[in-house]
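Taken together, the values in this text are just the output of simple stated rules run on the coordinates, not laboratory data. Remember, predicted model here, so these are calculated numbers, not experimental data. Here the Cβ positions follow ideal geometry from the backbone for every residue, glycine too, while neighbour counts run over all protein chains shown.
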Amino acid sequence: QTCALPIWQACWHQSVTVHKPMSFILALDQGTTSSRAIVFDQAGAIRAVAQKEFPQIFPEAGWVEHDPRAIWSTQLEVARAALASAKIKAKDVAGIGITNQRETTVIWDRRTGEPIHNAIVWQDRRTARFCDDLKRAGHGKLIQSKTGLVIDAYFSGSKIRWLLDHVPGARERAQRGELAFGTIDTWLLWNLTGGALHITDASNASRTMLFNLHTGTWDDELLRMLEVPRELLPEVRSSSEVYGETAANFFDAPIRIGGIAGDQQAALFGQNCFTRGLAKNTYGTGCFMLMNVGPRPVTSRHQLLTTVAWKVDAHTDYALEGSVFIGGAVVQWLRDGLGLIKSAAEVEALAESVPDCGGVYLVPAFAGLGAPHWDQYARGTISGLTRGTTAGHIARAALEGIAFQVADVLEVMKKDSRIAVNELRVDGGASANNLLLQFQADLLHVPVVRPKIVETTALGAAYLAGLAVGFWKDRSEVQKAWQADRTFEPQKSQDEVAHRRSRWAEALKRSREWEEHTKVKTV
C-alpha cells in the first residue's frame, strides 16, 4: 500500500520497533510537481512516504520553470521526514537511490552552488523555434542516428543553449569551466555530496540530445551543433554503483548513494521489465511507455524515442519510449482550471456518473503532442459538445483521452520493435483509476496489469541502489517482490473499439497545428 499526498505530509505505514542495522533503502523521487522520499525494506515493501509540492513558475505562455533551490530543499526535507516517520536513523539505511523528472535543465556556479537561472522544465516550449531551425537545416537524421531522439524542445540540449545565450556572461563563464550543467539527478547528487560529485547516469544522459547511444559518451559533433561547451557537462556513470556518500551535515550519519535513473527508466526497472519485450506505462503528469528492446538500440520508424534503459556494470539495456506530454495533468486541469472537481480522486466518480462519453472527445494537447505525432503547435480541444453535455461527459472524455494517447503509442511501438506485447504493466498516480485502466485494456486488446506496489519509479531507484550496495543479491531476488494487484481484461468488442479510435483520430486532427507558428514566442 502506498500514500500519495497533495501537500507535504509524512505517512507512517508500519511501526518499526525492531530491525537490523542497514535494513532499509531510501529512494528519492524528484518529480515535476513534488519531491517525495520513500523508505523500502528488503521485501520491497513501503515503510514510510513523505511528499511536498513546490511552486510551478510560468513566466510566459509555453514557458515552465522551477526554482532549483526549492527542488533541493523540499527533497532534503522529505528525506528527513521519511526517516523520522519510519522511526529509523541514517545508520539503518544501506543506500540511497535517486530518480528524477528528466530533461529539466539546471546550470549553477561550481564555486557557490547557486543556480544562474531557474530550471527550465521538460514541458517548456521556448526553444521550439530553434528546434525548427535544426530540422530545416537537415540535422534530424543525424541526431536520431546518434541519440535515438527526435529534435524537440522537450530535451535538455536546446535548453542549455538558451540559458547560455540569455543569462548575461553565462557562455563565457561556462567556457572557463566556472559553471556546471545537470539534469535534476545531477543537481541533487551535487547538493547531497556537498559539491563533491558532478555526475549523471547513462539513462539521464541519453535524454539531452548530446549523448551518443553507440559510444556511450558525450558527442563532440552534437556539442558543436548546439553550442554547448564540454566543460559544463557531468561525468556519465552507470545506473547502479556506489558513487559516494552524503555530506556529514544532512543526516545523523553518512549514507551511501548507489543508484540513479530517470523516472521512466526507473519505473521500467521497478516493474521488473528485465527482458526484451516487456513494457510498462506510467500515468503521471504525462504518460510514458517504455519497452525493453534488449542490448542493442532499435531505431524507430514512427517517431518514437530510443533511449538507454539502464547501464549496470558494463552492460547497457535499451528501450523504445513514447512520451505523452499531458496525462494525469488533464485531471489537474479539471480541478484547477475548470473547477469540476475538488480533488483528483473525485474524477473517477464524476466520469462514472454517465454511461459513456456522450460523443465528447478531449485531446489534452496543452503543451503540444508528443509521440507518435510530435506536433509542438497542437493545442487542446474538446469536440462533440452539445447542450446535453455534462461535467461527467467531460471528465470521462478526459480520462479516455489519456488512454487513447497511450494506445497510439503502443500501436507504433509494436511495429518498430516487431515484438508482440502480451500485457502492459502500469503504474503512476492515475493507475489507481479503475475506469481508466479498464478502458485502456479495451483499447489495447491485451491485459493491463497493476502491481501491488504502484510506486515503481521509487522502487526501481531503490532496486538499483540496493543492488549496488549488496542489499539485494541479484535481480532474481528483487523479482520476488513484484506482485500483481489487479489485472484488467479487455471487455469491448473490436468493432466498438475500432469505431471509438476512428472518432479519436478525427478529434486529433482538429487539435493539430492549431497555434500559428509566427505567434509562438520562441528563440
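What does the C-alpha gyration tensor say about the overall shape of segment 329-476? Classify as rounded when a/c is under 1.5, otherwise prolate if a/b is larger than b/c, or oblate. Prolate, because a/c is 1.5 or more and a/b exceeds b/c.
Phi angles across segment 360-375 convert, under the Karplus curve 6.51 cos²θ - 1.76 cosθ + 1.60 with θ = phi - 60°, into 3J(HN,Hα) values of 8, 10, 10, 9, x, 8, 5, 10, x, 10, x, 4, x, 8, 6, 10 Hz, Gly and Pro given as x. For segment 263-270, 3J(HN,Hα) computed residue by residue from phi via the Karplus equation (6.51, -1.76, 1.60; θ = phi - 60°) reads 4, 6, 5, 4, 5, 4, 5, x Hz, glycine and proline entered as x.
From its DSSP helices (H runs of at least four residues, each -39,500 (n - 2.57)), the chain gives a residue-normalised ellipticity at 222 nm of -9500 deg cm²/dmol. Can you list the aspartates and glutamates whose alpha carbon is less than 19 Å from that of LYS342, not counting same-chain residues fewer than 8 positions off? By straight Cα distance, LYS342 reaches GLU53, GLU352. The alpha-carbon atoms of segment 167-269 define a convex hull whose volume equals 118 cubic angstrom per residue. When peptides 121-128, 262-269, 60-67 are sorted by average Cβ neighbour count within 10 Å, with the highest value leading, the order is 262-269, 121-128, 60-67. Estimated from the Cβ-Cβ distance and a Förster radius of 30 angstrom, the FRET efficiency linking LYS473 and ARG276 is about 0.85. Sparse packing (at most 10 other Cβ atoms within 10 Å of the Cβ) combined with a DSSP loop state is found for the following trypsin sites (Lys or Arg not before Pro) in segment 463-508: LYS473. Each Cα pair under 8 Å and six or more residues apart adds its sequence gap; the mean of these over the residue count of segment 286-406 is a relative contact order of 25 percent.
Bridging of LYS89 to lysines at a Cα separation below 18 Å is possible for LYS20, once same-chain residues fewer than 8 apart are set aside. Each Cα pair under 8 Å and six or more residues apart adds its separation to the average, and for segment 189-326 the resulting relative contact order is 22 percent.
Give me Rg/Rg_expected for segment 362-418, where Rg uses Cα atoms only and Rg_expected = 2.2 N^0.38 Å with N residues.
On the way: Rg = 13.5 Å, N = 57, 2.2 N^0.38 = 10.2 Å.
For segment 362-418, the normalised Cα radius of gyration is 1.32.
With an a/c value of 1.5 or above and a/b larger than b/c for the gyration tensor axes a ≥ b ≥ c computed over the alpha-carbon atoms, segment 431-491 is described as prolate.
Within a straight-line Cα-Cα reach of under 19 Å, LYS87 can be paired with the following aspartates and glutamates, leaving aside sequence neighbours fewer than 8 residues apart in one chain: ASP41, GLU77, ASP252. With all pairs of separate Cα atoms included, segment 229-341 yields a Kirkwood hydrodynamic radius of 16.5 Å.
Fraction of C-alpha pairs exceeding 34 angstrom in the chain: 33 percent, rounded to a whole number. What is the diffusion coefficient of segment 102-239 in µm²/s, taking the Kirkwood radius over Cα pairs and the Stokes-Einstein relation at 10 °C with a viscosity of 1.306 mPa s? Answer, rounded: 107 µm²/s. Using a cutoff of 8 angstrom between alpha carbon atoms and counting only pairs six or more residues apart, the relative contact order for segment 77-180 works out to 27 percent.
Overall shape of segment 40-135 was characterised from the C-alpha gyration tensor. The equivalent ellipsoid obtained from it has semi-axes of 34, 15, 13 Å, in decreasing order. For segment 77-133, just list the percent of Cα-Cα distances falling in each 10 Å bin from zero outward, please. Over segment 77-133, the share of Cα pairs per 10 Å bin runs 16, 28, 30, 19, 7, 1 percent.
Is there a pair in LYS280/LYS311; LYS159/LYS415; LYS135/LYS159; LYS280/LYS415; LYS52/LYS91; LYS52/LYS452 whose C-alpha atoms are over 21 Å apart, and which pairs would that be?
On the way: LYS280/LYS311 18 Å; LYS159/LYS415 32 Å; LYS135/LYS159 16 Å; LYS280/LYS415 16 Å; LYS52/LYS91 24 Å; LYS52/LYS452 23 Å.
Distance filter (> 21 Å) returns LYS159/LYS415; LYS52/LYS91; LYS52/LYS452.
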